[in-house]
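The values are calculated or read from the model by the stated rules, or taken from the named source; none is laboratory data. The model shown is predicted, which means the values in this text are computed figures rather than measured ones. Because the Cβ atoms are built from the backbone with ideal geometry, glycine has one as well, and the counts that use them run over all protein chains shown.
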Amino acid sequence: MARAIWNGYISFGLVSVPVGLYSAPQEHELDFHQFQRGTPDRIRYKRVNERTGREVAYDKIVKGHDVGGGEYVIVEQEELADIAPGRSRSLEISRFVDLDEIDPIHFQKTYYLAPADRENASSYGLLRDALAKTNRAGIASFVMRSKEYLAAIRADGNVLALETLFFADEIRDPADELGDLPAKKSSGKQLSMAVDLVEAMSGNWRPGDYKDSYTERVKKKAA
């Protein structure tokens with residue numbers, strides 16, 4: 001049985017539903033350590049003063065924010081702690097929106113929400129079914145591991161799913177990042193041929209049809 005990575009309450013209006021938060025995806029990425037070739041000796045990293053070459057103890061290190069021109073604003077850990085968001089147990093829904101209105105580019109990571117106890121399972125189920133029937137998502141904010149998140153709570157079959165969302169100012173404008181892009185001028189025979197090709201290659205979305213073949217080959221190589 002998985003352990004919740006966060007426990008709290010979904011709250012909206014006068015309703016409060018206790019829930020636990022669980023990771024939904026499990027990535028395939030393999031962990032590797034580094035060794036000196038020809039030896040069993042592990043490679044370790046040290047925090048070193050780039051001017052003196054000497055190792056620096058962790059409690060002697062402060063953080064600096066680059067403000068440009070080689071200048072940095074130094075910030076003490078205590079200062080960061082003072083402005084960090086407090087520990088929150090509330091997933092406070094501020095509004096419900098049509099799920100289809102959320103551009104997928106805003107989706108960051110998926111979690112599952114589960115009822116924290118049997119006594120509140122009916123309230124959990126009622127919210128899930130209402131979201132499914134209306135195709136709505138509850139937009140909420142919460143704090144986890146000293147970081148504030150924007151989130152969308154939606155129905156996914158029998159479970160409530162929580163999608164952490166990128167804030168609007170975290171999404172890059174493609175016009176600024178990519179330069180000139182082709183204008184929307186496709187038409188005529190070429191567009192018709194492209195549409196025909198897309199239609200010919202179309203099918204149902206079946207996630208199980210796709211495998212991480214690269215990771216499988218790496219596992220065989222490392223076995």
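What the table shows:
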quantity	calculated
Candidates Ile171, Ile139, Ile153 - the one that is in contact with a Gly (Cβ under 8 Å, 6 or more places away or on another chain), closer than 23 Å to Asp100 by Cα and not acidic (Asp, Glu)	Ile153
The range 1-43 - residue that is in contact with a helix residue (DSSP H, G or I) (Cβ under 6 Å, 6 or more places away or on another chain) and within 25 Å of Arg95 (Cβ to Cβ) and, of those, surrounded by the most Cβ atoms within 10 Å (Cβ to Cβ)	Val17
Filter pass, Glu50 being assigned to a loop (DSSP other than H, G, I, E, B) and closer than 30 Å to Val159 by Cα	no
All positions within the range 1-27 that are outside any loop (DSSP other than H, G, I, E, B), at pLDDT 90 or above and β-branched (Val, Ile, Thr)	Ile10, Val17, Val19
Number of positions in the range 195-207 that are modelled with pLDDT of 90 or more and either touching a Ser or Thr at 6+ places or on another chain (Cβ under 6 Å) or closer than 21 Å to His28 by Cα (or both)	1
Count of the range 84-111 residues which are in a loop (DSSP other than H, G, I, E, B) and out of contact with any strand residue (DSSP E or B) (no Cβ under 9 Å at 6 or more places or on another chain)	1
Breaking point among (1) in contact with a Leu (Cβ under 9 Å, 6 or more places away or on another chain); (2) of a type in the set (Gly, Ala, Ser); (3) over 27 Å from Ile153 (Cβ atoms), for Ala114	(3)
Failed item in (1) of a type outside the set (Phe, Trp, Tyr); (2) touching a Lys or Arg at 6+ places or on another chain (Cβ under 6 Å); (3) assigned to a loop (DSSP other than H, G, I, E, B), with Leu30 passing the rest	(2)
